Amino acid sequence: MPNKSLPLKGNVGLRTTNQRDDAIVVQLALGSIKPRPGAQPFYPGRIDGHAGSKTDGAILAFQSTQNEKQ
């Protein structure tokens, strides 16, 4: 499967400068990915461009599933 990169200008998450446009891209991406069939997406929240605790939690949850596959 080809690696698809997202159009981010910076980092999103804990201890970073979160730009609104980058947070929206991450929220949209994690809002479309489910950890398993029938589950809620990693980010079920409102797409608002604010990288708060829900966005941070979704990023960490997604990253933990990626570490399991390696």
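The values are calculated or read from the model by the stated rules, or taken from the named source; none is laboratory data. If you're wondering where the values come from, they're calculated on a predicted model, not measured in any experiment. Don't worry about glycine lacking a Cβ; one is built from the backbone with ideal geometry, like all the others, and counts go over all protein chains shown. Just the protein is used for accessible areas: all its heavy atoms, side chains included, with ligands, DNA and RNA removed. Shrake-Rupley method; radii C 1.70, N 1.55, O 1.52, S 1.80 Å.
Observations on the structure shown:
- Exactly one residue among Gln27, Gln63, Gln40 is at pLDDT 95 or above, of a type in the set (S, T, N, Q) and either part of a loop (DSSP other than H, G, I, E, B) or open to solvent by 80 Å² or more (accessible area, probe 1.4 Å) (or both), and that residue is Gln40.
- Residue list for segment 1-19, restricted to those being open to solvent by 90 Å² or more (accessible area, probe 1.4 Å), of a type outside the set (Gly, Ala, Ser) and out of contact with any Asp or Glu (no Cβ under 9 Å at 6 or more places or on another chain): Met1, Pro2, Asn3, Lys4, Arg15, Thr17, Gln19
- Any hit, segment 11-25, residues being without any contact (Cβ under 8 Å) to a residue 24 or more places away in the chain and in contact with a helix residue (DSSP H, G or I) (Cβ under 8 Å, 6 or more places away or on another chain): yes
- Considering residues of segment 49-62 that are without any contact (Cβ under 8 Å) to a residue 24 or more places away in the chain and closer than 16 Å to Asp22 by Cβ only, the residue nearest to the chain's Cα centre (by Cα): Lys54
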